[in-house]
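To keep things clear, I will list the structure first and then write my remarks on it.
Derivation of every value follows stated rules applied to the coordinates shown; laboratory data play no part. Worth saying up front: this structure is predicted, and the values here are computed from it rather than measured. Note: ideal-geometry Cβ built from the backbone for every residue, glycine included; neighbour counts use all protein chains shown.
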Amino acid sequence: MDIRMAGTVNDSIVDGPGIRLAIFVQGCTHHCKGCQNPQTWDPDGGSIMTTDHVIDAMKSNRLLKGITFSGGEPFEQPTPLIELAKACHSLGKDVWAYSGYTYEELESGKAGADARELLENCDVLVDGPFIESEKSMDLKWRGSRNQRLIDVPKSLETGSVVEYVYKWI
Ligand code: SF4
């Protein structure tokens, strides 16, 4: 399956815990003021990659703790990312996703049924648009204070947002 990509980083240590394969998708309609990756907005930019190629990259790096979907807006290309998330879980690794949509928008289906399905295949969601006036350099894995680290399985199970807490070992 094809996916429009801005790029990948094989050994990221800044897009979630551990060593991660960061997948930056191309295309984003949020256009947040102060976005650090405006080159990823154009839905016709970037390049086409296959999900098989990304899955091979996952399999070839045995040190990976997981993958992280970033962008761009991952939830605007949910179908290939659902395939990647399932492949990642089948390898025993975890799935993080960044989104300019809020958890509530994704969970309610407002962003589309496929986006809701992608949410169901994520372990942690970093949600909401980047808001320049809320920007802080003190936040781990987030750019602005409005964004939340959300434990997706627990949130779906309980019906309300459960914050993700990383346990350092
Ligand atoms: S959602 Fe992310 S990629 Fe899209 S404009 Fe906002 S900060 Fe940039």
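Tabulated data
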| quantity | calculated |
| --- | --- |
| Beta bridges by DSSP in region 2-158, antiparallel share as percent, to the nearest 5 | 55 |
| Computed label-point distance, nm, for sites Asp114 and Gln36 using a 7 Å Cα→Cβ extension | 2.8 |
| Where only C-alpha atoms are counted, convex hull volume of the chain per residue in Å³ | 111 |
| Cα centroid separation, region 1-30 to region 49-86 (Å) | 7 |
| Cα gyration tensor shape for region 84-169, rounded if a/c is under 1.5, else prolate or oblate | oblate |
| Eligible aspartates and glutamates near Lys33 by straight Cα distance, threshold 17 Å, same-chain separation 8 or greater | Asp42, Glu73, Asp127, Glu132, Glu134 |
| Radius of gyration and maximum dimension Dmax of region 16-58, Cα, Å | 12.8, 35 |
| Neighbour net charge for Thr79 - beta-carbon separation under 12 angstrom, K R +1, D E -1 | -3 |
| Residues whose placed amide H lies under 5 Å from that of Gly66, excluding near-sequence neighbours | Leu21, Asp94 |
| Anchor Lys59: lysines whose Cα lies under 30 Å away (excluding residues fewer than 8 positions away in-chain) | Lys86, Lys93, Lys140, Lys154, Lys167 |
| Only Lys, Arg (+1) and Asp, Glu (-1) charged, at Cβ; region 1-152 dipole about Cα centre in debye | 480 |
| Hits among aspartates and glutamates - C-alpha to C-alpha of Lys110 under 14 Å, sequence gap 8 or more where chains match | Glu76 |
